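> Following this message is one structure expressed as structure tokens.
The values are calculated or read from the model by the stated rules, or taken from the named source; none is laboratory data. None of these values were measured; they are calculated from a predicted model. Don't worry about glycine lacking a Cβ; one is built from the backbone with ideal geometry, like all the others, and counts go over all protein chains shown.
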Amino acid sequence: MTNPWRGEVTLVIEGQPQVMRLTLGALAGLETALAEPSLVALVERFETGRFSSVDVLAVLKAGLQGGGASFDPAALDHADIAGGPMGAARAAAELIARAFVVPDA
């Protein structure tokens, strides 16, 4: 079960729900992988719609690792993701948002 208070987001990959979460370590890895100087710059990239498919995959892979998902993040490049590219982008944006915003009660 997904816990938004922990920043968790569920993504269905290959027909199986996977819980993702951006831990501090995952966020640090994203800064490096996406060549962003800060977390604020990373958030702005998604808020302004300046993200690419590479960005989406990087966020989802970090979320899978941070959430301790059973799905191998390296296999995500060729996996069937529920909702296709738009579903993946929505999940990535939600992961970023949940990492920095307290959910509504």
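> Count, please, the residues in the stretch 55-93 that happen to be charged (D, E, K, R) and buried (at least 20 other Cβ atoms within 10 Å of the Cβ).
Total meeting the criteria: 2.
> Follow-up. Anything in the stretch 70-96 that is in contact with a helix residue (DSSP H, G or I) (Cβ under 8 Å, 6 or more places away or on another chain), touching a residue at least 40 places away in the same chain (Cβ under 8 Å) and of a type in the set (A, V, I, L, M)? List them, or say none.
Leu76, Ile81, Ala88, Ala91, Ala92, Ala93, Leu95, Ile96
Residue-by-condition table, conditions (1) within 8 Å of the chain's Cα centre (by Cα); (2) of a type in the set (A, V, I, L, M):
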position: Gly63; (1), (2): yes, no
position: Gly66; (1), (2): no, no
position: Ala79; (1), (2): no, yes
position: Leu95; (1), (2): yes, yes
position: Val101; (1), (2): no, yes
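> Another question about this same structure. Being of a type outside the set (Asp, Glu) and closer than 18 Å to Arg98 by Cβ narrows it down to one residue among Gly49, Gly83; which is it?
Gly83
> Among what's in the stretch 11-43 and is free of Cβ contacts under 8 Å to residues at least 60 places away in the same chain and touching a Ser or Thr at 6+ places or on another chain (Cβ under 9 Å), pick the residue that is surrounded by the fewest Cβ atoms within 10 Å (Cβ to Cβ).
Gln16
> Which of the helices (runs of 4 or more DSSP H) contained wholly in the stretch 1-100 include at least 3 residues that are touching a Lys or Arg at 6+ places or on another chain (Cβ under 8 Å) and aromatic (Phe, Trp, Tyr)?
Filter on the stretch 1-100 gives an empty set.
> Of all residues in the stretch 44-54, which are surrounded by 11 or more Cβ atoms within 10 Å (Cβ to Cβ) and of a type in the set (A, V, I, L, M, F, W, C)?
Phe46, Phe51
> Among the residues of the stretch 96-105 satisfying the criterion of being modelled with pLDDT of 85 or more and closer than 12 Å to Leu42 by Cα, which is surrounded by the most Cβ atoms within 10 Å (Cβ to Cβ)?
Within the stretch 96-105, the match that is surrounded by the most Cβ atoms within 10 Å (Cβ to Cβ) is Ile96.
> Among Leu24, Leu39, Leu64, which is the only one that is of a type in the set (A, V, I, L, M) and under 18 Å from Gly84 (Cα atoms)?
Going through Leu24, Leu39, Leu64 in turn, the sole match is Leu64.
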